[in-house]
1. Taking only region 18-38 into account, find how many residues are modelled with pLDDT under 95 and more than 12 Å from the chain's Cα centre (by Cα).
2. ALA46 - would you say it is farther than 24 Å from ASP80 by Cβ and part of a helix (DSSP H, G or I)?
3. Would you mind stating whether TYR9 is of a type in the set (Ser, Thr, Tyr), surrounded by fewer than 16 Cβ atoms within 10 Å (Cβ to Cβ) and outside any strand (DSSP E or B)?
4. If you take the residues in region 75-114 that are of a type outside the set (A, V, I, L, M, F, W, C) and outside any strand (DSSP E or B), which one is farthest from PRO56 (Cα to Cα)?
5. Applying the selection to region 20-53, what residues are charged (D, E, K, R), free of Cβ contacts under 8 Å to residues at least 40 places away in the same chain, touching a helix residue (DSSP H, G or I) at 6+ places or on another chain (Cβ under 9 Å) and exposed (fewer than 13 other Cβ atoms within 10 Å of the Cβ)?
6. Taking the conditions exactly as written (of a type outside the set (Gly, Ala, Ser), out of contact with any strand residue (DSSP E or B) (no Cβ under 7 Å at 6 or more places or on another chain) and without any contact (Cβ under 8 Å) to a residue 24 or more places away in the chain), does ARG11 satisfy them or not?
7. Can you find even one residue in region 86-96 that is of a type outside the set (S, T, N, Q), within 16 Å of ILE24 (Cβ to Cβ) and touching a helix residue (DSSP H, G or I) at 6+ places or on another chain (Cβ under 8 Å)?
8. For region 15-38, enumerate the residues that are within 19 Å of SER3 (Cα to Cα) and among the small types (Gly, Ala, Ser).
Amino acid sequence: MTSDWLDGYLRAWRTKDADDVLAIFTDDAEYWFHPYDRDPVRGIEAIVEAWMSPEPTQAVWDLAVLVESDGIGIIRGTVDYPGHASYVNLWEVHLAADGRATRFVEWYLTVPADIGDGVGAGAVIA
């Protein structure tokens, strides 16, 4: 189920289409941009609005499901915004019975510029 959700997330990220975002989050979902977020985005309309914010550059990702259990999935990988920043990520995805996320939490670290390429593909455990 988490792999299907991740496929939908990446599709929505590529297309920036509201219908693609609606397909992966419940109406009352919460989107936490980091685990200590004091004001997570709540509700599908607010999530769609936040989703439409422009990216600094076209993202390049290397993401895979690390752990999946009943109702929760953990995704691990990297996201690179060429010329801007690179991140190592753990994503916490709480899933409803229909496969949409009720809560999404990004846990990420910024890759220091002096490390450069090579953090991604070899680091992903699938």
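1. Residues in region 18-38 being modelled with pLDDT under 95 and more than 12 Å from the chain's Cα centre (by Cα): 4 in total.
2. Against the criterion (farther than 24 Å from ASP80 by Cβ and part of a helix (DSSP H, G or I)), ALA46 qualifies.
3. no
4. Ranking the candidates gives ASP98 first.
5. Across region 20-53, the qualifying residue is only ASP27.
6. Yes: the conditions hold for ARG11.
7. Checked region 86-96: at least one residue is of a type outside the set (S, T, N, Q), within 16 Å of ILE24 (Cβ to Cβ) and touching a helix residue (DSSP H, G or I) at 6+ places or on another chain (Cβ under 8 Å).
8. Result: ALA23, ALA29.
The values are calculated or read from the model by the stated rules, or taken from the named source; none is laboratory data. Model, not experiment: these values are computed from the prediction. Backbone-built Cβ (ideal geometry, glycine too); neighbour counts: all protein chains shown.
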